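Enquirer: One structure is given below, represented as structure tokens, and several questions about it will come after.
The values are calculated or read from the model by the stated rules, or taken from the named source; none is laboratory data. Bear in mind the structure is a predicted one, so any value in this text is a computation, not a measurement. Virtual Cβ from ideal backbone geometry, glycine too; neighbours counted across all protein chains shown. Heads up: the accessible areas ignore ligands, DNA and RNA and are worked out on the full protein's heavy atoms, side chains in. Shrake-Rupley method; radii C 1.70, N 1.55, O 1.52, S 1.80 Å.
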Amino acid sequence: MSVDLRLVAARVAKGDGAAYRTIVEHTRAPLYRLAARLTGNLVEAEDVLQDAYLSGYRALTGGRYDGQARIETWLYRIVTNASIDALRKRKVRAEGGEPASEPRFDGNVKAEARVALRELDALLAELAPQDRAALVLVSVEGLTAKEAAEALACTEGALEQRLVRVRATIRKAKAREEATRE
């Protein structure tokens, strides 16, 4: 059954707070996946998602959703921004002498997959938060360039340039890593 989340958002904006649960139920899985991939930490992803949903609810009830973008894309933007903020806070904590937390992934993941996830997170960690977000939105979450550009508040051209730069950075990092193994 398909639900038009814009209609649900309009109900929330008109005071039906309970309708927001429908939006959460229909978007939770992909938004959680996004937050987890951007932060590299499942616990932090939960916190980011809760903050993002609260921000989204406040924006809807405060009349700050204009209906131009799909609700899903609008929420991707909120989650992306919340994840970037969390990454920046983590960096500040790390610079302040607090130990950086190791990325945590689902306990059902096999050892080989765990190593691959750590390597991927290490590569992504080298990227600026906006670059990491662009790559995850397009290459992992499967958003179109237009949707990802909306989520990142940039033009499609700027997004494409960012992706070209990010992919080149990752190729160089992988080449350096392979060279050190030999």
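Enquirer: Want the number for Asp16 to Arg165: 0.36 nm per residue separation, take away the alpha-carbon distance, what's left?
Expert: 49.2 nm
Enquirer: Rounded to two decimals, what is the ratio between the C-alpha radius of gyration of the chain and 2.2 N^0.38 Å?
Expert: It is 1.11.
Enquirer: Could you point to the residue in Val3, Leu159, Ala19 farthest towards the positive end of the chain's charge dipole, with +1 and -1 charges on the Cβ of Lys/Arg and Asp/Glu respectively?
Expert: Result: Leu159.
Enquirer: Here's something else I'd like to know. For Asn41, which sequence-distant residues (separation of 5 or more, or a different chain) have an amide H within less than 5 Å of its own amide H, given hydrogens modelled in the peptide plane?
Expert: HN-HN under 5 Å from Asn41: Arg104.
Enquirer: Name all residues of region 66-80 having a backbone nitrogen under 20 Å from the label point set 7 Å from the Cα of Thr144 along its Cα→Cβ direction, giving them as ranges.
Expert: 66-78
Enquirer: Treat each spin label as a single point 7 Å out from the Cα along the C-beta direction, and report the Glu25 to Arg58 distance in nm.
Expert: 2.6 nm
Enquirer: Determine the share of the chain's accessible area contributed by carbon and sulfur atoms, expressed in whole percent, with a 1.4 angstrom probe.
Expert: Answer for the chain: carbon and sulfur cover 52 percent of the accessible area.
Enquirer: Between Arg33 and Arg70, what's the calculated FRET efficiency when r is the beta-carbon distance and R0 is 22 Å? Round to 0.05.
Expert: 0.80
Enquirer: Given +1 on the Cβ of Lys and Arg, -1 on the Cβ of Asp and Glu, and no further charges, what dipole in debye does the chain carry about its Cα centre, rounded to the nearest 20?
Expert: Once rounded to the nearest 20, the dipole reads 180 debye.
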